[in-house]
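Novice: Right, I'll just put the structure down here and ask away after.
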């Protein structure tokens, strides 16, 4: 078994801006697990907000190189459990390794990953396409550039309602809005009925994760469902979100990969909460891994590869929000030579 690292600087098609970040280049790390003729791929991007760099991910993974390359594990889940004590402080690195392991083990069994998990893709949800914060004119232009059935609108400005009102004039698509912790409880409650009139399906993370009392109020009084993002990072957060949010948005990089994400989805369902998986601005490697969770989800945000112009990989593709799987085993992702 070989542990191999590939690094890339991803060029965004447009400057991507949210409430606490703006960028044109996104560094990413792709991990390859090679076992004779089989290679599994996984991915994690750098993230200044969480203090994650390409360098510290590689350092973390070098600490488990011997354990990984010895190959003394029976499944991706087994590898996750054996490496987690060493990677618990760097969930992004754990994610890249875990995705690669799931891809590799499914390929060795001659199955697509969702088949390996015993899932059917007949009723998969559509993915939204994200429109980052910009001038209204540029946000409209981005929608026209890629007509889509569901848009996620990044908010967190002084003109949030006007932005959604203006965007609604140009499409009848479903809207979802993501405030990225930028609102107060009062703002969320006041905006919700107006946003509902404008065809908004739900509000993602309206308040800061620390504002528990505010979320209690929003949960009760908001006319729109609220979905946790920054409030739901690791497995223990799911139960903490119950009674504060109607659903959780799980990010593979934040929780440590597909292995814990599946457990988080199961727990959320048991609590009667909606389930969603989101993405970073990443390549077809990370996006293809997400695709195999679709049968378990109510909503999905897996547009990351559509936001970049120099994808170094191939995998799932899209047809007006519908995810099309590559005709390959594992996750279906391959790295271009």
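Only the coordinates and a few stated rules stand behind these numbers; no lab work does. In this text the structure is predicted, and so the values were computed from the model without any measurement. Please note: Cβ atoms are built from the backbone with ideal geometry, for glycine as well, and neighbour counts cover all protein chains shown.
Novice: Wrap a convex hull around the Cα atoms of the stretch 140-274, take a quarter of its surface area, and give that in square nanometres. Working shown, then result.
Specialist: Working: hull surface 33.0 nm².
Orientation-averaged projected area of the Cα hull: 8.3 nm².
Novice: I'd like the per residue volume of the convex hull spanned by the Cα atoms of the stretch 32-115, given in cubic angstrom. Could you put the intermediate results ahead of the total?
Specialist: Values: hull volume 7.7 nm³, N = 84.
Cα-based convex hull of the stretch 32-115, divided per residue, equals 92 Å³.
Novice: Could I ask something else about it? Where does each of 80, 183, 117 land when they are ranked from fewest to most other beta-carbon atoms within 10 angstrom? Kindly include the intermediate steps, with their values, before the conclusion.
Specialist: Details: 80 22, 183 25, 117 16.
The order, fewest Cβ neighbours first, is 117, 80, 183.
Novice: Any idea how far apart residue 221 and residue 239 come out in nm if each label point goes 7 Å out from Cα toward Cβ?
Specialist: The modelled label-to-label distance comes out at 3.0 nm.
Novice: A follow-up question, please. Using r as the Cβ-Cβ distance of residue 337 and residue 298, and R0 as 56 Å, what FRET efficiency do you calculate, to the nearest 0.05? Display every interim value, and only then the final one.
Specialist: Details: r = 38 Å, r/R0 = 0.67.
According to the calculation, E is roughly 0.90.
Novice: What nm value, rounded to one decimal, do you get for the distance between residue 327 and residue 72 when each label is placed 7 Å out toward the C-beta?
Specialist: Rounded to a tenth, the inter-label distance reads 4.3 nm.
Novice: Name the most mobile residue of 257, 304, 40, meaning the one with the largest mean-square fluctuation, in a Gaussian network model of the chain with Cα contacts below 10 Å.
Specialist: Result for the chain, Cα springs under 10 Å: 304 fluctuates most.
Novice: Taking 0.36 nm per intervening residue step and subtracting the Cα-Cα distance, what contour gain separates residue 146 from residue 119 on full extension? Before the final figure, lay out the partial values.
Specialist: Details: separation 27, 0.36 × 27 = 9.72 nm, distance 3.02 nm.
Residue separation times 0.36 nm, minus the Cα-Cα distance, leaves 6.7 nm.
Novice: What per residue convex hull volume, in Å³, comes out for the stretch 273-329 when only alpha-carbon positions are used? Let's see the in-between values first.
Specialist: Details: hull volume 4.7 nm³, N = 57.
Enclosed volume per residue, from the Cα hull, is 82 Å³.
Novice: Based on the Cβ-Cβ distance of residue 58 and residue 81, what FRET efficiency does E = 1/(1 + (r/R0)^6) give at R0 = 25 Å, to the nearest 0.05? Before the final figure, lay out the partial values.
Specialist: Details: r = 22 Å, r/R0 = 0.88.
E between residue 58 and residue 81, to the nearest 0.05, is 0.70.
Novice: With the cut-off at 1.5 for a/c, could you classify the chain from its C-alpha gyration tensor as rounded, prolate or oblate? Display every interim value, and only then the final one.
Specialist: On the way: a/c = 1.78, a/b = 1.55, b/c = 1.15.
Prolate, because a/c is 1.5 or more and a/b exceeds b/c.
Novice: Compute the long axis of helix 91-108 from its Cα atoms, compare it with the longest principal axis of the Cα atoms of the chain, and write down the angle in degrees, 0 to 90, nearest 10.
Specialist: With rounding to tens, the tilt is 60 degrees.
Novice: Also, quick follow-up: What list do you get for 232, 181 if you sort them by fewest beta carbons within 10 Å? Don't jump to the answer; show the numbers that get you there.
Specialist: Details: 232 28, 181 20.
Least to most surrounded, the residues fall as 181, 232.
Novice: When only C-alpha pairs under 8 Å and at least 6 residues apart count, what is the relative contact order of the stretch 110-236, in percent?
Specialist: Values: 178 pairs, mean separation 24.4, N = 127.
Taking the mean separation of contacting Cα pairs over the length of the stretch 110-236, I get 19 percent.
Novice: Is the stretch 15-67 best put as rounded, prolate or oblate by its Cα gyration tensor, with a ≥ b ≥ c the root eigenvalues, rounded for a/c under 1.5, and otherwise prolate when a/b is larger than b/c, oblate when not?
Specialist: On the way: a/c = 4.24, a/b = 1.96, b/c = 2.16.
Because a/c hits 1.5 or more and a/b fails to exceed b/c, the stretch 15-67 counts as oblate.
Novice: Express as a percent, rounded to the nearest 5, the fraction of DSSP beta bridges in the chain (both residues included) that run antiparallel.
Specialist: Working: 28 of 53 bridges.
Antiparallel: roughly 55 percent of the beta bridges in the chain.
Novice: Turning to a different aspect of this structure: Rounded to whole Å, give me the distance from the Cα center of the stretch 158-203 to that of the stretch 66-136.
Specialist: Using only Cα atoms to place each centre, the spacing works out to 33 Å.
Novice: Neighbour counts of other C-beta atoms within 10 Å: give me 58, 189 arranged from fewest to most. Write out the running numbers ahead of the final one.
Specialist: Values: 58 16, 189 19.
Ordered from fewest to most neighbouring Cβ atoms within 10 Å, 58, 189 come out as 58, 189.
Novice: What FRET efficiency, computed as 1/(1 + (r/R0)^6) with R0 = 22 Å and r the Cβ-Cβ distance, is obtained for residue 24 and residue 88, rounded to the nearest 0.05? Walk me through the numbers on the way to the answer.
Specialist: Working: r = 32 Å, r/R0 = 1.46.
The value I calculate is 0.10.
Novice: So what is the relative contact order of the chain, in percent, for Cα pairs below 8 Å that sit 6 or more residues apart? Working shown, then result.
Specialist: Values: 756 pairs, mean separation 64.8, N = 337.
Value for the chain: 19 percent.
Novice: Counting helices only, and only those DSSP H runs with n ≥ 4, report the 222 nm mean residue ellipticity of the chain as the sum of -39,500 (n - 2.57) divided by its residues, in deg cm²/dmol to the nearest 500.
Specialist: For the chain, the value works out to -10500 deg cm²/dmol.
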